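Notes follow the structure.
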Amino acid sequence: MLAANPLEAIEYAGGWLFDQSMAGWDVSVHVAEDGDTRPLEILGASFFDLRSSLVCPDYLEQRKVGPWPQAVVVSPRVLVSDEQLRTATMASIDQRLVDVKLWGDEMPAEFDGRCQPISHRLSVAARAFKRQAFAAADIDPNRVNNVEDFRAASNHAAPRTDLVPAS
């Protein structure tokens, strides 16, 4: 996941992060701004600094020989502020390299018509852990919803079955 900051990640995709982690996926969050990472740890996610991840030689070497991500959830704020990431995300969508999802209503213009609204229904456990993450971040835990909404690349070769079209 690429997020502007840890709070944004837990607010918009914390339940999805937890459910993916419990399903056995390696879940990492790369953030552009500093912040408290404890809420991400509560949800089972590893935390990385986005700028360091992009320039670290070990990271680049791992990309050559390590596993390629199957799914990426991206903050529109990161895409708007970083042209390199926006271009790479567009290429991933166009070449069907990875399952790309975005959250929020404000999408960069390049994404118009390429993404469709979808929803992830949080498991009972995800709601409980997201409430704990909210509490750790001083966010009202009562704000946790049963569903997180995303926009998914509409031309991905193999849509994920854990997300359903929004109705």
(Q) Leaving out ligands, DNA and RNA, and with a 1.4 Å probe, what % of the accessible surface on the range 101-157 is carbon or sulfur? (A) 43 percent
Q) Pulled fully out, how much extra length does the chain show between ARG38 and TRP25, if you take 0.36 nm times their separation in residues and subtract their Cα-Cα distance? A) 2.8 nm
Q: Give the calculated FRET efficiency between GLN116 and GLN84 to the nearest 0.05, with a Förster radius of 22 Å applied to their Cβ-Cβ distance.
A: 0.30
Q: Would you please state which residues of the range 1-33 a label at ALA128 would reach in this model, taking the label point 7 Å out along Cα→Cβ and a backbone N cut-off of under 19 Å?
A: 14-24
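The values are calculated or read from the model by the stated rules, or taken from the named source; none is laboratory data. Because the structure is a prediction, the values reported are computed rather than measured. Here Cβ is always computed from backbone atoms with ideal geometry, including for glycine, and neighbour counts include all displayed protein chains. When the accessible area is computed, the model is the full protein with side chains, heavy atoms only, and any ligands, DNA or RNA have been set aside. Shrake-Rupley method; radii C 1.70, N 1.55, O 1.52, S 1.80 Å.
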